[in-house]
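For reference, the structure is listed below as structure tokens.
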Amino acid sequence: MVNPSLNMLIIRRQKELTSSPANRHGWYVGGLTLLLAASFGVICAQSTTMAADAPQSAPELLRAFKSAQYSWQQQEIAEKLVALGDKSIVAEMLPMLQSPEREERCNAGLVLAALGEDRGFHAVVAEMQDMSERPTTMTRDDGSPYVAGQIEQDRYFAAGTLALIGDRRAVPALIDLLKDKSLDYQAAISLGRLGDARAVPALRDMLAHGGEWQRLWAAYGLAKIGDPAGVPALAEFLKAPVWVNRRHAANALREIRDRRAVPALIASLKDDSPDVRNAAADALGEIGDPMAIPALQALTDDAATNTSGNPRPVRDVASAAVRRINASARSSTKPAALVKQ
């Protein structure tokens, strides 16, 4: 049985360093566990920086796209191709919708959809719905091929890509994916990022009847859509028994930037986990409410560091949050003198 976990909220272009070995696609596989990440269309992978002198012409970018080692690198190049807007690449990109690499199909679909080629969008929807057997290099603990895990990984990637494409025609298919207990959380994330109110009834049902993991991401989806139940439900997960879920909730609230979450995030600055304290401080800095400054300044002596991702002392994250809040206040209509320096 697959035991998927997210090390960070799936938000676009966010990647986390880890010591686990990676396969070609940047997915971390340890026995039967898939380390899945996300966001709102990203893949958890070893983080690298693309060269500053990366090629910018359409033919050069297309060659780089085809030769990319990891799918998240391919998505970075896809973004550049989309920004370039050169439709001359469409004919050469279309055959990639039949690539033996399923994630490459999705990345090609992302580019094509953005360039107005509808076959790209439909190809990604088809990948998300495809449950047929396929070749895989994934293995179980006993060394046997793990085809079911490969299918889940590929469908997960497609669901995240649909959020990046941003076409609300994907909403019915994603609502249907909420019925799949192995991918319902990713469907909720993608539905939230698409922001379509048609998903609200299904997400509310998931929030009411799902397990803790499902309810967390249903709350995220509702909050992103703007449903009034979303932010309060998400803030409740700052009290979840598992610290990873508390951190996910803080990261989600950072993305949503709703000031109703500020009191709960301030309370989380006293969490037992430095990962949660850091996530809460970062969220408060992003939201920018001056009422959080005294609680953040109280962390001046907190030298503990987070255990996942790049280690950062809590005091440093809190200090950075205070600076961001003050900068936000100075750039707003509020007099800077009202904000404690």
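Using θ = phi - 60° and the Karplus curve 6.51 cos²θ - 1.76 cosθ + 1.60, what whole-Hz ³J(HN,Hα) does each residue of the stretch 124-141 get, with Gly and Pro shown as x?
5, 4, 4, 5, 5, 8, 7, 10, 6, 5, 7, x, 8, 9, 6, 10, 7, 4
Take the alpha-carbon centre of the stretch 61-80, take the same for the stretch 170-209, and report the distance between them in whole Å.
29
Report the full-extension gain for the segment Ser132 to Ser57: residue separation times 0.36 nm, less the Cα-Cα distance, to one decimal in nm.
The Ser132-Ser57 span can extend by a further 23.3 nm.
Based on Cβ point charges of +1 for Lys and Arg and -1 for Asp and Glu, what charge dipole magnitude is obtained for the stretch 76-213 about its Cα centre, in debye rounded to the nearest 20? Provide the component values of the computation, followed by the final result.
On the way: 15 positive and 23 negative charges, 86 e Å.
It works out to roughly 420 debye.
Where nothing but the Cβ of Lys and Arg (+1) and of Asp and Glu (-1) is charged, how large is the charge dipole of the stretch 244-341 around its Cα centre, in debye to the nearest 20?
Working: 15 positive and 11 negative charges, 69 e Å.
Approximately 320 debye in magnitude.
Under the rule of at least 5 residues apart or a separate chain, name every residue whose amide H is placed under 5 Å from the amide H of Thr139.
Under 5 Å from the amide H of Thr139: Tyr146.
What list of ³J(HN,Hα) values in whole Hz, one per residue of the stretch 239-245 in order, does the Karplus curve 6.51 cos²θ - 1.76 cosθ + 1.60 (θ = phi - 60°) give from phi, with Gly and Pro shown as x?
10, 4, x, 9, 4, 4, 5
Residue-wise, which Karplus ³J(HN,Hα) couplings in Hz belong to the stretch 58-74, taking 6.51 cos²θ - 1.76 cosθ + 1.60, θ = phi - 60°, and x for glycine or proline?
Per-residue couplings from phi come out as 4, x, 5, 5, 5, 5, 5, 4, 5, 9, 4, 6, 10, 5, 6, 5, 4 Hz.
Every read-out reported here was derived from the displayed coordinates using simple, explicitly stated rules and does not represent laboratory data. In this text the structure is predicted, and so the values were computed from the model without any measurement. With ideal geometry, Cβ positions are generated from the backbone for all residues, glycine too; neighbour counts draw on all protein chains shown.
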